[in-house]
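Some notes on the structure that comes next.
The values are calculated or read from the model by the stated rules, or taken from the named source; none is laboratory data. Please read all numbers here as calculations on a predicted model, not as lab measurements. Positions of Cβ are backbone-derived with ideal geometry, glycine not excepted, and every protein chain shown enters the neighbour counts.
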Amino acid sequence: MLTYNERIELREKLTNGEISLELAKELYWKDYKEGQRSWHTKDWKERRAKILKEKCEICDSTDTLTIQHLSHPKKYSDYEREITRKYTQIFKETNSDIDKSEFKKHIAKNYDYIAVPLCTNCGDNRPNKRVRKLPQYRCAVCQHEFDEPIYKSLEELITIFYIDEEALDVRDKCFVSKKWKNNHNLSNIKYWFQREKAKNKDEEIIGKEAFLLYLTDDIKYLSFEDTITACRRCASNYDLKNMELCPNCKVHYKGIQYPTCIQCLPEDKRKAVLEMIEFGKEWHTMHKELGID
């Protein structure tokens, strides 16, 4: 695992084009082991010792002090998705025209088309299918009854889409991905098609930009820039429960989104909150007893 200074050096070399993205990734993850964390390393412990204060900055306790990060780095995959979305948008704005035959081939290769049944009278896509009554179908719009619905061919649907992407006929999610088995409409498919094109066109740029952002985020985390010294209790409440010490009483903990703890609320508000909590507990117990928890 690279040290803090080695990561800074790696980022500079990648930024200046002194090394390739492939080599940068290889160097970064070269000695990575499953379950290994930065705070297990000698480098972390030595730098941590220099900034750790003598008492908790939240409650003034001196019991088992640690460095508490107030922000955490995102995963590399998060940055890759974010940058890919950016370049997909650029591609969409600069390549608005998509070859119809190429788009059709893409659909045939990656999706199964499940045609939607349509009313034979008005063409609406919401006919009710009846189990015991004949004719089997009855249109919810024009009330027409019929035995066999009509269907639009893939070619017809794509043609309508190229004329008007907002048309009602092309909004149905009647395409099933062969890989993930999830449903899409033509607008969804067009986006993923353009995304694939953008990734193929700017793969190296996307990868480098995402990795540099990831490195910067990682370096910031290792720098202890956005940290405080906290005791084990305060650190645990912050990380596991998203809670911090109440600034008013400095005794009880509160959700970080609230200004004070429950005990410091005015009498009427405190009573209402406690009643809500009690109701929630009773509701949870009832669900558990009914086996739906």
Starting from the stretch 33-59, keep only residues that are among the acidic types (Asp, Glu), then list their pairs with residues that are surrounded by 15 or more Cβ atoms within 10 Å (Cβ to Cβ) whose Cβ atoms are within a distance under 7 Å, requiring at least 6 positions of separation or different chains.
-> Asp43/Thr3; Asp43/Tyr4; Glu57/Ile228; Glu57/Thr229; Glu57/Ala230
Residue hits (the stretch 232-263; over 21 Å from His72 (Cβ atoms) and either surrounded by fewer than 18 Cβ atoms within 10 Å (Cβ to Cβ) or of a type in the set (S, T, N, Q) (or both)) are Pro247, Asn248, Cys249, Lys250, Val251, His252, Tyr258, Pro259, Thr260, Ile262, Gln263
Residues satisfying the stated conditions in the stretch 169-185, i.e. aliphatic (A, V, I, L, M) and either under 18 Å from Glu93 (Cα atoms) or free of Cβ contacts under 8 Å to residues at least 40 places away in the same chain (or both) = Val170
Select, from Tyr162, Tyr214, Tyr191, the only residue that is in contact (Cβ under 8 Å) with a residue 12 or more places away in the chain, more than 30 Å from Lys13 (Cα to Cα), among the hydroxyl-bearing types (Ser, Thr, Tyr) and in contact with a Phe, Trp or Tyr (Cβ under 9 Å, 6 or more places away or on another chain).
-> Tyr162
What are the residues in the stretch 210-228 that are touching a helix residue (DSSP H, G or I) at 6+ places or on another chain (Cβ under 9 Å) and within 17 Å of Arg37 (Cβ to Cβ), if any?
-> Tyr214, Asp217, Asp218, Ile219, Tyr221, Leu222, Ser223, Phe224, Thr227
Counting residues that are closer than 22 Å to Phe211 by Cα and polar (S, T, N, Q), which helices (runs of 4 or more DSSP H) fully inside the stretch 1-71 reach at least 1?
-> 4-15
When the stretch 236-252 is checked residue by residue, the ones that are outside any loop (DSSP other than H, G, I, E, B) and closer than 15 Å to Asp60 by Cα are Glu244, Leu245
Within the stretch 87-145, how many residues are among the hydrophobic types (A, V, I, L, M, F, W, C) and either touching a residue at least 24 places away in the same chain (Cβ under 8 Å) or under 30 Å from Ile206 (Cα atoms) (or both)?
-> 11
Residue set Ile58, Ile8; condition surrounded by 15 or more Cβ atoms within 10 Å (Cβ to Cβ), more than 25 Å from the chain's Cα centre (by Cα), in the same structural domain as Arg232 (by TED's automatic domain parsing) and within 30 Å of Asp202 (Cα to Cα); output residue Ile8
Here the residues within the stretch 194-231 that are under 30 Å from Glu102 (Cα atoms), among the polar types (S, T, N, Q) and surrounded by fewer than 17 Cβ atoms within 10 Å (Cβ to Cβ) are Asn200
